[in-house]
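Right, one structure below, let's go through it.
The values are calculated or read from the model by the stated rules, or taken from the named source; none is laboratory data. Every value quoted in this text rests on a predicted model; they were computed, and no experiment measured them. Note: ideal-geometry Cβ built from the backbone for every residue, glycine included; neighbour counts use all protein chains shown.
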Amino acid sequence: MIGSEQESEILRLHHAEKWPIGTIAKQLGVHHSTVRRVLAQAGLEIGKRSMRPSMVDPYIPFIVEQLEKYPKLCASRLHQMVRERGYPGGPDHFRCIVARFRPRKPAEAYLRLRTLPGEQGQVDWGHFGKVTIGSAVRSLFAFVVVLSYSRMVFLRFYLSAAMPSFLRGHVDAFNHFGGIPRELLYDNLKSAVLQRRGDAIQFNPILLELAKHYHFLPRPVGVARGNEKGRVERAIRYIRNSFFAAREWTDLADLNRQAFAWSVGLAADRKCQEDRSRTVGAVFEEEQSKLLPLPGDEFPTAERVQVRIGKTPYARFDLNDYSVPHTHVRRPLLVVANLDTVRIVDGADEVIATHARSWDKRQTIENPAHIAELVDHKRRARKHRSIDRLHHAVPASRQLLILLAERGGNIGGATTGLLRLLDQVGPLELGKAIDEATERTVPHVGAVRQILDRRRQERGQPPPIGRHLPDDPRLLTQHVTPHELETYDVLRQQDDDNQQQDQDADEAKED
């Protein structure tokens, strides 16, 4: 737009100086169409140009006819058709010609929608970029509900637009308003409408359960009919410009605190569209009494996911691992999660673990008690395995450990010591030493070791040679049961007897 002074200058230059349109536009720094408009408004017949004949003129009736039959026919295909009929021109200028004659959809007029207090609310999501939490990058969504009468805005940010956040947003909005509008308008998001064929609409059954609990009517708008929920569309644009632009926040909780203060402050203090003499907050106070009352209980909005626990006591949920008691491995469990807490449930209602929810990824969230119980269980298991091995190799050790327990001795230390002696001397020699220690009522590893040393010295044998195995857990946990050596003595004696008999037979032949 130009001012009245510039319009006067254009008229002066045209009448007094007889400047042409192009010269006026160049000297005043305006477009030539602006100069033509000013002269036309002054009643001057300016800018009429003689139309020269064009090479496309003979083909105009054909182009118009094809566009009336096929309004969406592309210009490139039309160009091929007229080229086959003798048109010599190129495709670039031809596109401009087709655009002039292509039928346009007539402009549609819309009625201004007016609603009664408490009658309608409009719901939509707004995407507000990405948020980095640790090593995870998550999308930031704003759940927005606008009351159509007062234009009161509910704003809450979530890290997902999935059904649990969709339900949580409704519950939070109803609690914020202190009531429920009689109908809510949605576009065709999957959380509201699963599919539609013409006027036949299949609602998401979870949304229908929510509507049943809060007694409102869900109503989807028509396809590509954004004007039907223009209030929430404009509210999201208003949120982008008035609230979110250049805003600093530390985490999601801080952002939502600021969003709440903005919605009850600046957003509520703006002028109401229906009555410019009052604010949105003042009109909302009038509308609030017309909203449906809240039911006695909240609709359950927790996310419920079936998981199976593997060999390690952790439940995988939303890119993170949460610990469970070691007694629940190798079985299916249920994860019940909200925005702040993750509960792991066994069966119908037995909560076996509760953790703070992490929105990071590849994190291990542990309860120290779960790990301590597992370590203690493993320690006791190793102790029992050691005792079982000792009892199996040397049955007499059972009585020795019983006597040691009666005297308050350390069973674990004694078992470890006896197993070490078992590896050195074998089960037969250890069994004899344990029998002697039991008869002498000295149930101690030291006494057994002294007995073994004495018996070895009596036989004139050297001390046992220590074994050095590589650090391979498969070798360290492998146990070899030694056999009785008397069998080899018998075989050796038989071999000596056979040799003596052969020698005697040879001497007899020589005689």
Being of a type in the set (A, V, I, L, M) and part of a strand (DSSP E or B) is the filter; apply it to region 140-161 and report the residue that is farthest from F244 (Cα to Cα). L147
Can you name the number of the only condition in (1) out of contact with any strand residue (DSSP E or B) (no Cβ under 6 Å at 6 or more places or on another chain); (2) exposed (fewer than 13 other Cβ atoms within 10 Å of the Cβ); (3) over 23 Å from S139 (Cβ atoms) that T364 fails? (1)
Looking at this structure, is L475 at pLDDT below 85 and farther than 30 Å from D340 by Cα? yes
How about region 70-98: which of its residues are among the small types (G, A, S) and over 13 Å from I60 (Cβ atoms)? A75, S76, G86, G90
Return the residues of region 438-450 that are among the hydrophobic types (A, V, I, L, M, F, W, C) and either modelled with pLDDT of 90 or more or within 12 Å of G417 (Cβ to Cβ) (or both); say none if nothing qualifies. V445, A447, V448
Among the residues of region 421-434, is there at least one that is surrounded by 16 or more Cβ atoms within 10 Å (Cβ to Cβ) and free of Cβ contacts under 8 Å to residues at least 24 places away in the same chain? yes
Determine which single condition I309 fails, assuming it passes every other condition in (1) touching a residue at least 40 places away in the same chain (Cβ under 8 Å); (2) closer than 30 Å to P325 by Cβ. (1)
